[in-house]
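In what follows, a structure is listed as structure tokens, so that the remarks can point back to it.
None of the figures in this text is laboratory data; all of them are computed from the coordinates on show. Given the structure is predicted, the values throughout are model-derived calculations rather than measurements. With ideal geometry, Cβ positions are generated from the backbone for all residues, glycine too; neighbour counts draw on all protein chains shown.
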Amino acid sequence: VGWVVTPVAITFMYMMATRVVKLESSTFAIVLSCGTCVCGASAATAVAGAIAAPKEELTLAIALITIFTTFQILLVPYIGMGLGIQKQVIGAWLGGSIDATGAVVASADILDDERALETASTVKIVQNALIGIVAVVVTIIWLENSQGGDMESTNVKAEDVGKFAKVKVYLKQVWMKFPKFILGFLLVSVLLTAFKETTNNDKYASMKMLTKSMSQWWFTLGFTSIGIETVLQQMVAKMEGTKPLFAYCIGQLFDLLMTLLFAWIAFDLMES
């Protein structure tokens, strides 16, 4: 569900935002698209770092995603139950379309079904693994579209092109623009998985509680730092009227419908 729908939804939302809604900033369009279609603030932050998007654009994208995610937590599971959809399908739908892991768990808990909760969490975790891939792909595309990349911004001197193979210069550009925190994300995921497999449930539960608390604090500090560096007047100027809101709503609706379709195919049609 997550790996098929996500790239399609990102492409659709970006094309729609830049060509139909006509957002002036292509960097804001891709940050908003990736944040909406992958996993909210984490994906938006990763992509914004990869393409050096202005802080105001990142803040605006996170604000839009966070506000609407709050409503989706309550609305989407009740809409699913109201339509008579199987709870496991709803769980997959939530996991693939709601933009933050914590929000997915909170929303799936409304279903009061352990299997649906597990499905929602699994789909979201699988989708979260796309952060690194999306960041790399967006970085490469951005470099290609900027006439082979900006040598000055990546500290690659012109004479280096003659000394090293072109591919090495290109890889250096990708590495310098790649958001390094993703590597930490993957490393911690591997370590926690290994810890879970080699210890008892009580110790793992304690570790999970500790890391969750630390995660909340670091997220708070991170977004506080973004806020400190954000100039409110510049962020308001990025609004371009109602264009960002319009782009988000259309993109999120497309993501919801596509995810529901594939969730039904994967967890109902193919299992019947």
Which order do peptides 101-108, 68-75 fall in by mean Cβ count within 10 Å, highest first? 101-108, 68-75
Calculate the translational D of the range 1-65 in whole µm² s⁻¹ from Stokes-Einstein, where the hydrodynamic radius comes from the Kirkwood formula applied to all Cα pairs, the temperature is 37 °C and the viscosity 0.692 mPa s. 286 µm²/s
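Could you tell me which of the pairs 124/180; 87/203; 124/203 are separated by over 26 angstrom between their Cα atoms in the structure shown?
On the way: 124/180 22 Å; 87/203 31 Å; 124/203 24 Å.
From 124/180; 87/203; 124/203, over 26 Å: 87/203.
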At 7 Å along Cα-to-Cβ for each site, give me the label-to-label distance between residue 112 and residue 171 in nm. 5.6 nm
May I ask you to evaluate 6.51 cos²θ - 1.76 cosθ + 1.60, the Karplus curve with θ = phi - 60°, for each residue of the range 26-34 and list the ³J(HN,Hα) values in order in whole Hz, giving x for glycine and proline? 6, 5, 5, 4, 6, 5, 5, 5, 5
Which order, highest average first, do 90-100, 15-25, 242-252 follow once you tally other Cβ atoms within 10 Å for each residue and take the mean per peptide? 90-100, 242-252, 15-25
State the extension gain, in nm to one decimal, for the chain segment bounded by residue 202 and residue 187, taking 0.36 nm per residue of separation less the distance between their alpha-carbons. 3.2 nm
Just the Cα atoms of the range 1-136, one point each, no solvent: what log10 I(q)/I(0) does Debye give at q = 0.10, 0.20 Å⁻¹? -0.32, -1.09
Which ³J(HN,Hα) values, rounded to whole Hz and listed in residue order, are derived for the range 91-104 from phi using the Karplus coefficients 6.51, -1.76 and 1.60 in 6.51 cos²θ - 1.76 cosθ + 1.60 with θ = phi - 60°, glycine and proline given as x? x, 5, 4, 5, x, x, 10, 7, 8, 9, 4, x, 5, 4
At a 10 angstrom cut-off on C-beta neighbours, averaged per residue, how do the peptides 76-85, 58-67, 200-209, 112-121 rank from highest to lowest? 58-67, 112-121, 76-85, 200-209
Which whole-number percent gives the relative contact order of the range 67-150, counting Cα pairs below 8 Å spaced six or more residues apart? 26 percent
At a Förster radius of 30 Å, what calculated FRET efficiency corresponds to the Cβ-Cβ distance of residue 195 and residue 79, to the nearest 0.05? 0.20
